[in-house]
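Remarks on the structure that follows.
The values are calculated or read from the model by the stated rules, or taken from the named source; none is laboratory data. Please read these numbers as outputs of a predicted model, since none were measured by experiment. Positions of Cβ are backbone-derived with ideal geometry, glycine not excepted, and every protein chain shown enters the neighbour counts. Only protein heavy atoms, including side chains, enter the accessible area calculation; ligands, DNA and RNA are left aside. Shrake-Rupley method; radii C 1.70, N 1.55, O 1.52, S 1.80 Å.
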Amino acid sequence: MAVTSEAPAKSSKKTYSYSSDDIKRMLPHRWPMLMIDRAYDVVPGVSGRGVKSVSVNEPFFAGHYPDHSIMPGVMIVEAMAQLVAVVYVAELVEAPEPQTDGDPSASVGYLGSISSMKFSRLVVPGDQLTLEAKLGQRLGGLRQVSVRASVGSELAAVGSLIVTTGRKA
């Protein structure tokens, strides 16, 4: 599923890249709610980067705002949360003995909390969001995560999330 490459000399961990087709196998999300196009530099269970190409065809632009298209902050947060899910699922998928029962997307949990989220740049059609996620400590069935989104060298959003590490039926 993933293409591997060696991480920089500072780290002995492998990094992985995932295409949009790989991501569809890893996440339960589908259009129009699948918010990331690619993931790369993924250190399973630790961190990763991703890309969301923002198109004028996104359904939310029809109403937010029709005369001045702005990507809703909640959709930026959703894109960051989906990258978190890829980093988490990668830990299960890339383990020497994969820890999933056939469908890795079944292990994707939920967004539990958004903290200290700051938005510092409007995201508009034509922008390419670069997403970053770094998983923090586990708190039982929860996980703290630091996230950020940027367009080029400009920071668009930064904050912290808490995600569940599993789903209840």
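Some observations on this one:
- In order through the stretch 112-128: 3J(HN,Hα) via Karplus (6.51 cos²θ - 1.76 cosθ + 1.60), integer Hz, x for Gly, Pro: x, 7, 10, 10, 6, 7, 10, 10, 10, 8, 5, 10, 10, x, x, 6, 10
- In a reduced charge model with +1 at each Lys and Arg Cβ and -1 at each Asp and Glu Cβ, the stretch 130-169 shows a dipole moment near 320 debye about its Cα centre.
- Counting every pair of alpha carbons in the stretch 73-124, the share spaced more than 18 Å apart comes to 44 percent.
- Shown for the chain: lysine pairs separated by 8 or more places, or found on different chains, whose C-alpha atoms are under 28 Å apart, numbering 15.
- Residue-averaged 222 nm ellipticity for the chain, from DSSP H runs of 4+ at -39500 (n - 2.57), nearest 500: -5500 deg cm²/dmol
- Take the Cβ atoms of Leu92 and Arg121, set R0 to 30 Å, and the FRET efficiency comes out at 0.35.
- Debye equation applied to the C-alpha atoms of the stretch 103-161, log10 I(q)/I(0) at 0.17, 0.31 Å⁻¹: -0.67, -1.25
- Translational diffusion of the stretch 49-158, µm² s⁻¹ [Kirkwood Rh, Cα pairs; Stokes-Einstein; 20 °C; 1.002 mPa s]: 140 µm²/s
- Spin-label model, Ser113/Arg167: points 7 Å from Cα along the beta carbon direction are separated by 2.4 nm.
- Simple point charges give the picture: +1 on the Cβ of Lys and Arg, -1 on the Cβ of Asp and Glu, and for the chain a dipole about the Cα centre of about 460 debye.
- Average accessible area per residue (Å²) across the chain - probe 1.4 Å, nucleic acids and ligands excluded: 53 Å²
- On the stretch 50-115, 53 percent of the accessible area sits on carbon and sulfur atoms, based on a 1.4 Å probe.
- Cβ-Cβ FRET estimate between Met33 and Glu154, R0 fixed at 25 Å, reported to 0.05: 0.45
- Rg over Rh for the stretch 42-114 works out to 1.10, both radii taken from alpha-carbon positions and Rh defined as the Kirkwood radius.
- Based on C-alpha pairs under 8 angstrom that are at least 6 apart in sequence, the chain has a relative contact order of 22 percent.
- Computed over the stretch 8-81, the alpha-carbon pair-distance distribution with 5 angstrom bins reads 3, 13, 23, 21, 15, 11, 7, 4, 2, 1, each value a whole percent.
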